[in-house]
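Worksheet: the structure to be examined is printed underneath.
None of the figures in this text is laboratory data; all of them are computed from the coordinates on show. From a predicted model like this one, the values you see are computed outputs, not experimental measurements. Here the Cβ positions follow ideal geometry from the backbone for every residue, glycine too, while neighbour counts run over all protein chains shown.
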Amino acid sequence: MPSHVCYIVPPYLLQGIAESQELGEGERQAAVKCLQHREAFTNHRCERFAALALPRAARNAALQASSQRKSIVPEVLLQNIVDSKDVDDDTKARALKDIERMRHTTSAYQKSITGEDEPKEAEEEEEEEEGTGADVGAASAAKKPKKKPTASGFYRAVHDAKNDEDEDNLPGVAVRVEGQKPVEDEAANAAYDNIGKVLEFYLEKFKWKSIDNRNMHVVSTVHFAEKYENAFWDPERNQMVFGDGDTFLYRFVNCIDVIGHELTHAITEHTSPLEYQGQPGALNEHVSDVFGIMIKQFVENETAEAADWLIGEGCLLPDVKGVALRNMKDPGTAYNDPRFGKDPQPPHMDGYKKVTQDNGGVHLYSGIPNRAFCLASVAFGGYSWEKAGQIWWKTMRSGRVPPRCTFIQFADVTTEVAEEEFGDEAAKIVRAAWNEVGVARKH
């Protein structure tokens, strides 16, 4: 079964560029090409999240068709780390250990994807990965004390597609791997650094290790296709892909909220998979925006009150009449350019109506719950991740969010979690935020 692909630039924005009479043929065709690429993969997301909602045995059988193991990178990449002159000895030792473990656990993995439990040995090895690289035999003889979580268990690897648009050739040529010094390619350095910041944020604020909470290695590719005005997470290959942009959109690797958004789609698969259609699909997009914006605010040390709440602020070229791809505080105001139109996101359920495009408006209607999160964060005061972010995170890990979750169901769970974690007043703040955007219980 194929997998889904997530794109940061919504299809309605690309469609506006493609249909604009204010632009030249070359500019319109570039947008058309991006749309065609998206169309070729857009149903993959629906299929993947539908599979994730199945019982375990059926789910693993369906996902097996993607031939993916999320906890490893190719052995050749790990060998590059081991052989590199730029990598420190500790990182080399971990890479070598990973290669050895990879070879020993392949057969165990083949059993696990049929629905059986993970072998105990594999779980123990995963726990050991959190340590400092001490001798494995000694570790098994005496149980190690628990240590403060670190992000050192995962590897980052950035590749160069060299403007090749064939996904079959991904990830491309490795240009920087974990532990190596900065290279001449600034896009590769930005991708490497910002991915690291995103994963450090998840670890520090939510005690979540990498993408799957088991130190999954993170691969990304820069310079995908010619003048490609988009960026996406491709779970079929377990990696981020960045275009260089062109006339309107660019610098995706420099936008940490964009990277946070995309990596959160992968993390959602491991918490509460939401079907990518209609309201659950809009919630899927919403959750990615929530964590993307928190990461941006964390890096910029902004409180909820002081923050601008703009997603993709750095992606629009200077001459575009707009400020970002989305405005969580005031949906529908992110851009208004005569060349490709106005931001169509409604800020309230009054503007919600069923549509067929964009998988039932998954990008279009994510602005409604986005605004609710913003309102709650500002009402709580302080930093967004201190209370509102914890509530949303624990909601996603609560087991109470169904794959076909509606806005009101999600609102109910966040309110319940707020009360459990922070008391009655917190629950009132969250419920009031949802009521403000029209997601309210009918009496």
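Numerical summary
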| quantity | calculated |
| --- | --- |
| By average C-beta atoms within 10 angstrom, highest first, the peptides 257-270, 369-382 | 257-270, 369-382 |
| Centre separation in Å (Cα based) which lies between region 258-324 and region 331-379 | 13 Å |
| Sequence-distant residues sharing a close amide H with Glu313 (under 5 Å, placed H) | Leu325 |
| Anisotropy class of region 278-436 from Cα gyration tensor, a/c 1.5 cut | oblate |
| For Arg156, residues with placed amide H under 5 Å, excluding near neighbours | Glu178, Val218 |
| Amide H contacts of Gln239 (H built 1.01 Å from N, under 5 Å, at least 5 apart or other chain) | Asp234 |
| Kirkwood Rh in Å, taken over all unlike Cα pairs in region 218-346 | 15.4 Å |
| Across Lys353/Lys394; Lys92/Lys181; Lys85/Lys181; Lys329/Lys354; Lys209/Lys394, pairs whose alpha-carbon gap is larger than 18 Å | Lys353/Lys394; Lys329/Lys354 |
